[in-house]
C-alpha cells in the first residue's frame, strides 16, 4: 500500500488552518503548518512535503511569492493555492508562479482533498467554478503539438471543453454522435492520465497540446 501524501498547510487564520488540517489528516499525512509566508516557505524547504497547501493572502510573503520560492528551492513539492477570491488575474499569477492547483475556500472540503490528491499525483486542478475562465485564457496561446499524444479530433474535443461546452454541444459543434464524444473523452483521459474532462483540458493546455 503506497504511503499517504505528506502535506504542509500554510494559512494565517488559525480556525481555518485547524479545519483544513483536520479535514486533510483524514486522507493524507499533514506533517507541518505555518501561519505566514516566510515561515511557511522555510518549513516547506525543510520538510520537503509532497504537497504544500498555501493561502494566497499571507502576511510577510504572499502565496504567489511563496509558490515561486517553493518552485526554486523544492521543485519536487506540488503547490495547491487556496483563496477567498476568484479574480482571474490572481489565478493566472498563481499558475505563472508554478501552482499546480487552485481552490476557493468557499468550496466543499472534498474539493481541496481532490486538488491535493491530483496535484500530488503530478496533475493539475482548478476549482470547477473558475476552471473555464482560466482555460479560455490559456487557450489563446499558440499550441506546440509536436510531442502530443492526441489525435486532431481529440484536440478539437479538448478545445471545445476549454471553451466551456457540454458533451452534447461538442457533438453538435463537431457533427459527431454523443457516444463518439464520450469515447474521445475516455481516450483523452487515459492518454493524459487525467481524472476528468476539465483536468484533461488543463493538462493539455499547460503542455501546449491545444
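Annotations
- Among the residues of the stretch 110-146, those identified as farther than 22 Å from residue 64 by Cβ, modelled with pLDDT of 80 or more and surrounded by fewer than 16 Cβ atoms within 10 Å (Cβ to Cβ) are 110, 121.
- Residues in the stretch 164-210 that are over 30 Å from residue 98 (Cβ atoms) and not in a helix (DSSP H, G or I): 4 in all.
- Residues of the stretch 13-58 satisfying the condition of being at pLDDT 95 or above and assigned to a loop (DSSP other than H, G, I, E, B): 28, 35, 36, 48, 49, 50
- The test for being part of a helix (DSSP H, G or I) and farther than 23 Å from residue 103 by Cβ does not hold for residue 161.
- Residue 57 being touching a residue at least 40 places away in the same chain (Cβ under 8 Å), in contact with a strand residue (DSSP E or B) (Cβ under 8 Å, 6 or more places away or on another chain) and farther than 17 Å from residue 77 by Cα: yes
- Tallying residues that are more than 23 Å from residue 41 (Cβ to Cβ) and assigned to a loop (DSSP other than H, G, I, E, B) within the stretch 88-127 yields 6.
The values are calculated or read from the model by the stated rules, or taken from the named source; none is laboratory data. Nothing here was measured: the structure is a model prediction, and the numbers come from that model. Every residue, glycine as well, gets a Cβ built from its backbone with ideal geometry; the counts of neighbours run over all protein chains shown.
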